[in-house]
Each structure stands twice: as structure tokens, then as C-alpha cells.
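What follows is a structure written as C-alpha cells; I'll ask about it next.
Any read-out appearing in this document is the output of simple, stated calculations on the displayed coordinates, not a laboratory observation. Here the structure is a predicted model, which means the values were calculated and not measured. Quick reminder, even Gly has a Cβ in these numbers, built from the backbone with ideal geometry, and neighbours come from all protein chains shown.
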């Protein structure tokens, strides 16, 4: 094959390739496009700004008003969640997405189950309602699993608030990729410095943890060695010093309620009484 013949073959091939591109249906091209990836570790999967404002406005003395689900803002945010592609983003962005997805779906559970009296032993509350998140049908419990699998860190359990007094407090603002580590640290401090979740009894050298931690003890121990080591960076400096000094002799108790010694209230004895 001489030079002119080779040129003809190349020209025919180019024309055929262009014809294929022109005749390819546009919907096929759209289907093969990959979702937009996060450019850096501060790029969120979706915009959490509107939900953050709605969330903050719906918190009253630490309690969440579930009527937030009635707003147009909530509806638009849920629609964005349904079609999101979190797998194309950095870990912090994915974690913020799953945390906020859980909060958003939890608010709807709270609204639809208003008046429902849940108990600690109730295992169905977060398995009954199904939501579409990132193209999948999930429950609140599934979203909890996604948080723990994405974080690979048991400190993420602090995001598993539910409005119950047995669970950690709600954050004042929902996390984003650039703020999630700060929100997590603040929540850990608020939780572990509250005697509802951790109480140190120096007289008996006992550390009592709330029953909330019971399902995560094995995971925490595997990562950190003990519950005490896990909690140490977030308790008050005074408690941290005492725990560090008496670490080897500490007795750890996990109970559904934190019990502490209180002075008994006595009825004043009237003057002149025996």
C-alpha cells in the first residue's frame, strides 16, 4: 500500500468515526457520564447551607422541632439527597453527607411518629420508615451503618443523636466537609463532660458510662484499648488528670442511667423535739 492509499484509508476511518459520534443518541452519552467529583476535601456532596439554617432555627433548648419537615427548604434538600453521588467525594464530605442524611430522615421519623412512646429496648423505631438517599432505599438504621463505615472511627457515634435523653445531644449546626471535625470535637466534649453520659466516682475509683455506649464497647476497645482512653481527650482537665493517675485501678461500669451519690433531703427537726 503506497502513501496515497494509506491517506485514503485514514480519511475514510475518520469520516466513519465522526458519523458514529453524530448518530449516537444523546441520552446514551448522558448515561455514560460520571458524576462530578469533589475537587478537594472541603467540597460538599450537596449544598448543606439551606438545611443548616433550617436545622438551627428548629432547635429549642437542645430539642428538635420536627415540623421542619413541612417546609419547602426541607423538601428541596431531600430531593437533592435522593440524587446525590457521595462516592465521588472525599471522606469528610461523604461523612458530612451521611450524617446530615440521617438527621434529615430522623426528623421525618420524629414528625410521623409524634406521640409514639419509644423505649430503650425498642429496636423497630429506626427500621420502619424507608427513604431514598443517593438512589438507594434506606432506613435510619442503614444510615447509621453508613456513618460508621465511612468514618472508620468510633468517635463518629457522637453523631448518632435521636432526641432521646439516652443519646448524645444534637449539634447546633449540621456538619459540612470543612466543619465536621470541629462539630465532632464539640459534640464529644458536650457529651463526655455531662454526668448523664460519664461519671467518675473518685471514692470507689469507678467510671460509669451511659448505656448508650454499650453497643460500641467492643469496637471502641479494639480501636483505643479501653473506653477510658477513648474518652480521655474530651473530659474536663480535672477528670482527665484523675483518670490518668488511677488508670490501672479503675473499675468501668456501663449502666442505662448514671447513678451518683446525693445528699439525702431531711425534714428539718422542730426546735425542742427529742
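Work out Dmax and Rg for the range 198-255 from the C-alpha atoms and quote the Rg first, both in angstrom.
Both quantities, over Cα of the range 198-255: 10.7, 29 Å.
Can I ask one more? Hey, how many Å between the Cα centroid of the range 37-98 and the Cα centroid of the range 172-230?
Rounded to whole Å, the Cα centres lie 24 Å apart.
Over the range 198-255, what is the relative contact order in percent, taking alpha-carbon pairs closer than 8 angstrom and at least six residues apart?
Working: 51 pairs, mean separation 28.0, N = 58.
Taking the mean separation of contacting Cα pairs over the length of the range 198-255, I get 48 percent.
Next question, about the same structure. What is the calculated FRET efficiency for residue 232 to residue 56, with r their C-beta to C-beta distance and R₀ = 30 Å, to the nearest 0.05?
Between residue 232 and residue 56 the formula returns 0.45.
Can you sort 46, 254 by how many other beta carbons sit within 10 Å, fewest first?
Taking fewest neighbouring Cβ atoms as first place, the list is 254, 46.
Give me the compactness ratio for the range 96-213, meaning the Cα radius of gyration over 2.2 N^0.38 Å. Please report the intermediate quantities before stating the final value.
Details: Rg = 15.3 Å, N = 118, 2.2 N^0.38 = 13.5 Å.
That works out to 1.14 for the range 96-213.
Multiply the residue gap between residue 39 and residue 223 by 0.36 nm, knock off their C-alpha separation, and tell me the result in nm, one decimal place.
Difference between extended and current length: 63.2 nm.
Can you sort 146, 172 so the residue with the fewest Cβ neighbours within 10 Å comes first?
On the way: 146 22, 172 14.
Taking fewest neighbouring Cβ atoms as first place, the list is 172, 146.
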